[in-house]
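Q: Supplied in structure tokens, the structure appears directly below.
Where a number appears in this text, it was derived from the coordinates with a stated rule and is not lab data. Model, not experiment: these values are computed from the prediction. Methodologically, a virtual Cβ is constructed for each residue, glycine included, from the backbone with ideal geometry; neighbour enumeration extends over all protein chains shown.
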Amino acid sequence: MKMKLAARLLFFMVVLAGGAYAQDPEPVKGFDRNKLFFGGNFGLSFGNNTLVNISPQAGYRFNRHFAAGAGINALYSSFRTVYASAIAAPELRGSMRCILLFVRVMLMEASIQNRAMEWRD
């Protein structure tokens, strides 16, 4: 009795889960603001070595499988050594990336970064 109930419950869960996928909306011609995505990174590290990283990014999803974007990477690093009190090295970099999504769980990403400026004390 319990096996029949479990089998029926599993069957209905599979059927209902299969019907939960919505149809794709009609494609919009031209620029679609809903395809924009934003993200980035923020990192802090303190101690003998201090690192502060701020990296905002923005991109556009052209279709379900391909997206491209650009970002800025601002990095400040300071190192204390036995011979010097602190060596500071702020950097500003730009990046461009392309993302190719094969299936929902596998993607390939290519990224290019360029160091725009660097200061040294």
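Q: What FRET efficiency do you get for MET108 and ASN41 if R0 is 22 Å and r is their Cβ-Cβ distance, rounded to the nearest 0.05? Mind dumping the intermediate values first?
A: Details: r = 20 Å, r/R0 = 0.91.
That pair, MET108 with ASN41, gives E of 0.65.
Q: Highest mean first, what order results for 61-71, 103-113, 35-45 on Cβ atoms within 10 Å?
A: Working: 61-71: 14.3, 103-113: 9.3, 35-45: 10.9.
Final packing ranking: 61-71, 35-45, 103-113.
Q: Any idea what the relative contact order of region 34-118 is, in percent, if you count C-alpha pairs under 8 Å spaced at least 6 apart? Could you put the intermediate results ahead of the total?
A: Numbers: 188 pairs, mean separation 18.7, N = 85.
Here the relative contact order equals 22 percent.
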